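What follows is a short report on a single structure.
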Ligand SMILES: [Zn+2]
């Protein structure tokens with residue numbers, strides 16, 4: 001069994017399906033309030049629908065406000081912030097690293113260098129800081145490459161049910177945010 005930070009978005013859903021297809025069970029984890037995203041209810045709705053169709057175990061829901069961050073995690077987040085890599089002193093990475101520690105396990109993510117250019121700075125081959133508890137199998141893949149794998153392996157239709165918008169309007173993608181701009185036509 002592997003833990004996965006699953007958001008119901010394209011990237012993390014790809015990771016979910018890739019592992020399940022290989023017979024490796026996934027325990028989804030979702031952190032509330034780890035940033036100021038305004039799409040939580042849509043993400044939860046999409047995950048409930050996909051999760052039920054795949055018979056996934058119930059996701060572990062964590063509230064970031066209840067996580068007590070270790071000092072080394074705070075320090076490293078501040079360090080990336082001071083280098084201009086993180087926009088904020090504390091962001092989702094800090095909470096994800098902390099929660100992984102509490103689970104006592106590496107946790108998969110759907111992060112890609114495609115979505116966040118700075119990911120490659122952090123998760124380079126020589127990196128050994130606090131975020132190395134996150135395992136990023138898609139870091140070197142583009143969305144197009146993921147979609148092509150999904151088509152070959154027969155789960156592209158599930159990727160089409162995902163939501164990747166930061167500011168949905170009445171449950172529909174806004175068509176204007178950064179995430180909508182990156183969304184593949186499927
Ligand atoms: Zn949008």
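Values in this text are rule-based calculations from the coordinates and carry no lab data. Values in this document were obtained by computation on a predicted structure and should not be read as measured data. Note that we place each Cβ from the backbone using ideal geometry, even for glycine, and neighbour counts take in every protein chain shown.
Criterion first (touching a helix residue (DSSP H, G or I) at 6+ places or on another chain (Cβ under 7 Å), closer than 22 Å to residue 153 by Cβ and free of Cβ contacts under 8 Å to residues at least 40 places away in the same chain) does residue 20 satisfy it? Judged against the criteria, residue 20 is a match. Scan the range 134-144 and tell me whether some residue there is in a loop (DSSP other than H, G, I, E, B), without any contact (Cβ under 8 Å) to a residue 40 or more places away in the chain and within 13 Å of the ligand (Cβ to nearest atom). No; the residues of the range 134-144 include none that is in a loop (DSSP other than H, G, I, E, B), without any contact (Cβ under 8 Å) to a residue 40 or more places away in the chain and within 13 Å of the ligand (Cβ to nearest atom).
Please give the strands (runs of 3 or more DSSP E) falling wholly within the range 1-106 in which 3 or more residues are surrounded by 13 or more Cβ atoms within 10 Å (Cβ to Cβ).
Numbers: elements: 2-5, 26-32, 60-63.
The strands (runs of 3 or more DSSP E) meeting that bar are 2-5, 26-32.
Listed conditions (1) surrounded by fewer than 19 Cβ atoms within 10 Å (Cβ to Cβ); (2) under 21 Å from residue 180 (Cα atoms) are all met by residue 138, apart from (1).
The residues of the range 171-186 that are touching a residue at least 60 places away in the same chain (Cβ under 8 Å), under 21 Å from residue 142 (Cβ atoms) and either within 6 Å of the ligand (Cβ to nearest atom) or part of a loop (DSSP other than H, G, I, E, B) (or both), listed by number, are 179, 183, 184.
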